[in-house]
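First up is the structure itself, then whatever we jot down about it.
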Amino acid sequence: MTVSGNNAVRPFVIQAGALAELRGLTVIDGLASRGGGIFNAGNLVVTGSHIRRNIGADQGGGIYGAAAALTAITDSIITENVVTRDCGGGVFIAPGGMGSVTTTTVAGKRGNGNGGGICHGGAVTVTRSTVSGNTTGGEGGGLHTVSGLLTLVNSTLDGNQATNHGGGMFMVDGSATIINTTVTANTASRGGGLARAGGAALNVKNTIVGMNTGPTGPNCLGPISLSGVNLIENPAGCGLGGTPPITGDPLLGPLANNGGLTETRAFLAGSPAIDAGDDVVCAAPPMDGTDQRGVTRWLGAHCDVGAFELGRGPSEDVGRRHLRITTGSINLAWAACTRQTGYTLLRYAPESQGVALTPLAGDLTSYRDTAIVPRTAYCYVLAAMEAATLLGLSELACAVAGVAAGPVMPRGFTLSVNRPVATLTWSPPVGGVGNHLLSVIPLEEGKPINQVPLAAATTSTTQALPEFGAASSSSLSASSIWARQMCCAECRG
């Protein structure tokens, strides 16, 4: 449902003492002095919503949380909102108020004053969220702390810009703790990544601060207290105290969908942040042993520094497109892997609806399937296992026995997840096809729970995701040829 202010009024007001939840809404084109989209003076939960293109003249272009109010934002997108004078292009939490931002993207906001993304004077917790592409003509392109307490955990501040101080974040006063966060590609005149002034206290743990720019203190402008293990590319001007950081290029990929509900920056090969983190920090609340995407931490010798944990999942242990069919006999091959103790090969014959699970040794890189019927189609998925833990899945590979692989099969599969649905797209087979049959198969059951006929010209389908367990469950819980690969995006390293 879309609720519009038609560029004339504020769509929602939550009165003091009221309890309200806004779920699955698009709040757009609101206009007000405070809280262009939503003004909250009570107790508000915003879930799975899109707060877009609203204008607040003074504070909170998208959402304004008043003093003594509680504002909780989860699984949402807050984008293209504007504050014209004071603070908080996306979200403003007033002194005395409380706010939380969880698995949410705050992006593309403009603050002509301060705090292009989030501005607060009250207590705010930001968890598993991405604040990116926000700009301000003053201080704090992504985050601006006027006063109060800020806890920033398992989050990414990327590509924000401030004219003056703190492209990623600026603190005037108050206290902030940043844990396992990635602060990158932000820009400001002073303190491109992080900056603080006055009596503010800033403590940073297990965090990456790098690739930020600015004439003075390109990455940070302190003083800043460090604990745990941190990676600060160039600490000039940071005024660091506490445990000395790792320095140098963090070797990160671009901001992208690496699984989970918010974008992250994955590691490139050889990043000094890999396996360098403080395990005590990673295990303790509020971290609780996961990264920004919800992936289990320290899959290597130690947890990683920053918001992203390098997975030992499909990209490393099986690999996208690493399962390949070389002849129609049917021969399978895949890249050598590093962590698995064994594999499980799922074979599905669409015509007979038969599913077979074959355990394979962990040192194999090929397999010949001889239990086949000529001119019958077979599809395969390879699951890498460490003891009873699922590490990840290969992409789907299909062939017809006795026919060279390729011309009669769809190709170029791409998979994306936007819970509660997943979308599969593909290129049509060069040899033509009569129709398609989409099958969803829980591996532990070995038979389809859903089959969807699709017309021959179809090249994309969106389907509801089945309920499924954790990627590291003791069995291949609720995995499937199609849907589980989509969900497994969150365990891809």
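Readers should treat all values here as calculations from the given coordinates under stated rules, not as data from a laboratory. Predicted, not measured: the structure shown is a model, and the values here were computed from it. Every residue, glycine as well, gets a Cβ built from its backbone with ideal geometry; the counts of neighbours run over all protein chains shown.
Note on ALA68 and ALA197: their simple-model spin labels are 3.2 nm apart, each label 7 Å out from Cα toward Cβ. What FRET efficiency comes out for THR358 versus ARG85 if R0 is 60 angstrom and r is the Cβ-Cβ distance? Round to the nearest 0.05. The calculated FRET efficiency here is 0.35. From a point 7 Å beyond the Cα of HIS302 in the direction of its Cβ, which residues of region 264-286 have a backbone N at a distance under 14 Å? Counting backbone N atoms under 14 Å from the label point, the list is 272-283. Counted residue by residue at 0.36 nm each, then reduced by the alpha carbon distance between them, the extension gain from THR365 to GLN15 reaches 119.7 nm.
Most tightly packed first, judged by the mean number of other beta-carbon atoms within 10 Å of their residues, the peptides 23-34, 43-54, 146-157, 8-19 read 146-157, 43-54, 23-34, 8-19.
Extension gain for THR247 to LEU454 (0.36 nm times residue separation, less C-alpha to C-alpha distance): 69.2 nm.
The convex hull built on the alpha-carbon positions of region 2-256 has an orientation-averaged projected area of 11.3 nm². The phi-based Karplus calculation (6.51 cos²θ - 1.76 cosθ + 1.60; θ = phi - 60°) puts the 3J(HN,Hα) values of region 250-262 at x, 6, 10, x, x, 4, 7, 7, 9, x, x, 8, 10 Hz, whole numbers, x for Gly and Pro.
Beta carbons within 10 angstrom, averaged per residue: use that to sort the peptides 263-276, 121-134, highest first. List each step's numbers first, then the result.
Values: 263-276: 18.8, 121-134: 25.6.
Order by mean packing, descending: 121-134, 263-276.
Pulled fully out, how much extra length does the chain show between ARG23 and GLU386, if you take 0.36 nm times their separation in residues and subtract their Cα-Cα distance?
Working: separation 363, 0.36 × 363 = 130.68 nm, distance 3.90 nm.
Here the answer is 126.8 nm.
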